[in-house]
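Values quoted throughout were computed directly from the atomic coordinates according to the rules given, and no laboratory measurement underlies them. Just so it is clear, the structure is predicted and the values come from calculations on it, not from any experiment. No Cβ is skipped: glycine too gets one built from the backbone with ideal geometry, and neighbour counts run over all protein chains shown.
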């Protein structure tokens with residue numbers, strides 16, 4: 001049913017435990033305070049256990065004994081690859097691979113139990129709902145750790161999720177209640193709820209969410225996973241397209257006009273009407289002044305970010321995708337620079353120097369000074385020492401007036417990118433760069449890094465700025481960027497400065513001839529390494 005080849009059973013396998021009692025005794029000696037060592041020990045023992053022939057009942061009892069320890073170790077180890085720039089550093093990637101491998105071994109053990117339940121083992125057949133729920137919960141947790149690392153979900157994981165739910169339906173246990181004490185608060189579950197939670201988490205577009213948002217959505221889905229129903233027949237949700245799952249497929253359910261006839265037997269329709277009603281009610285009550293805590297949204301959830309996230313989730317879960325601005329397929333290569341100083345260099349074509357900075361002359365320059373009394377402009381330009389900034393090679397996949405989707409192949413060298421980071425992109429043969437902010441990131445198994453970039457309005461230009469005031473009499477100029485006014489988008493001229501520069505009405509100086517003083521007026525955009533600020537002439 002799963003198309004997964006289970007490991008060959010062998011008497012030569014040597015696990016430290018073969019039943020619940022010996023497993024619990026072994027766990028007492030696992031150093032859970034040292035999660036790296038503990039993860040390796042758990043992984044090694046599960047590999048051995050999955051090759052060792054024991055009764056299905058004993059195997060299930062062992063797995064239930066291991067779940068809590070495995071879950072603890074996995075959560076702790078995830079801190080080492082969570083909220084990191086992409087691509088992951090090798091040490092981070094190694095921990096991610098081990099974490100993924102441990103979930104995979106857990107799943108293999110439960111699959112052996114499910115095979116026994118499906119093939120006539122009476123004792124295991126009574127546990128079929130629990131086994132299916134555990135399989136689906138394990139699949140969902142494995143996916144969730146991919147989201148933590150902003151890594152692509154392999155097609156095999158979707159096949160495993162859909163296949164496990166299909167088996168629960170076949171065994172007629174998809175709605176049977178199961179207790180899951182790994183849940184933080186709500187312990188009532190079922191195979192269908194575990195399936196719904198995994199689907200809804202993916203549909204929340206996790207590659208553009210912060211880690212705090214991911215944790216909050218997981219908290220919500222403990223309560224709201226039950227609100228997504230799985231039906232065999234189409235439903236009328238009004239004007240929206242049905243949310244369709246293909247249990248024989250390898251993709252997340254999506255809203256489509258119809259199902260392929262050849263997959264009709266595996267087609268299911270996901271009913272999100274109860275979920276939509278719950279979201280609408282809470283959004284309306286938040287707008288009327290109710291606090292998130294009063295609406296069971298948790299003590300850590302605050303306004304207005306809570307309402308904004310619920311509106312976002314309503315659009316992702318309960319509505320067809322909004323019509324996007326016209327996007328054009330793009331097959332152009334693109335040059336990309338990140339980091340404000342590197343972008344300044346890419347735009348200006350020369351290394352930034354403060355006017356007061358002194359530089360040693362080269363031997364050729366000294367010779368020119370002695371013979372001509374000056375350094376030629378050409379020689380001066382050629383002698384600029386390049387600071388080592390490199391334009392990266394990316395491939396544009398599609399583009400619109402306000403955004404780009406692009407990918408850097410694993411074989412192409414490049415730096416690490418973070419959500420919210422500033423980038424400059426020059427597509428194809430274009431002469432000018434565009435400034436943008438990384439909106440989402442995703443790493444693939446082959447090393448490719450995909451990014452969605454929201455373009456900032458205006459034509460960028462390399463400039464220099466410095467602080468003014470009594471506390472900054474000798475401040476040096478620093479590299480910065482400006483963006484021109486775009487009347488069609490109602491976008492004012494703006495400055496792109498390092499984080500922390502903005503203070504209301506702060507006066508700064510632009511390096512022009514003569515210098516220009518401007519007052520900062522508002523924050524238009526804020527990223528991890530920049531602020532885009534409105535300004536006006538200083539009084």
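Here the ratio of the Cα radius of gyration of the stretch 160-223 to 2.2 N^0.38 Å is 1.21.
Of the peptides 341-354, 289-302, how do they stack up when ordered by the mean number of other Cβ atoms within 10 Å, highest first? Please list the in-between numbers first.
Working: 341-354: 17.9, 289-302: 14.2.
Answer by packing, highest mean first, reads 341-354, 289-302.
Packing, as the average of other Cβ atoms within 10 Å across residues, places the peptides 9-16, 196-203 in the order 196-203, 9-16, highest first. Computed extension gain for residue 254 through residue 445, at 0.36 nm per residue and net of the alpha carbon distance, reaches 66.4 nm.
Using only the C-alpha atoms of the stretch 460-537, find the volume of their convex hull and express it per residue in Å³. Provide the component values of the computation, followed by the final result.
Numbers: hull volume 7.9 nm³, N = 78.
Residue-normalised Cα hull volume stands at 101 Å³.
Computed over the chain, the per-residue total of -39500 (n - 2.57) for DSSP H runs of n ≥ 4 gives a 222 nm mean residue ellipticity of -12000 deg cm²/dmol, rounded to 500. Restricted to Cα atoms, the stretch 1-178 shows a radius of gyration and a Dmax of 16.2, 50 angstrom.
Counting pairs of alpha carbon atoms under 8 Å apart in space and at least six apart in sequence, what relative contact order in percent does the chain give? It would help to have the intermediate numbers written out before the result.
On the way: 924 pairs, mean separation 50.9, N = 539.
Result for the chain is 9 percent.
All C-alpha pair distances within the chain, sorted into 10 Å bins from zero, spread as 3, 15, 22, 22, 17, 10, 7, 3, 1, 0, 0 percent across the bins.
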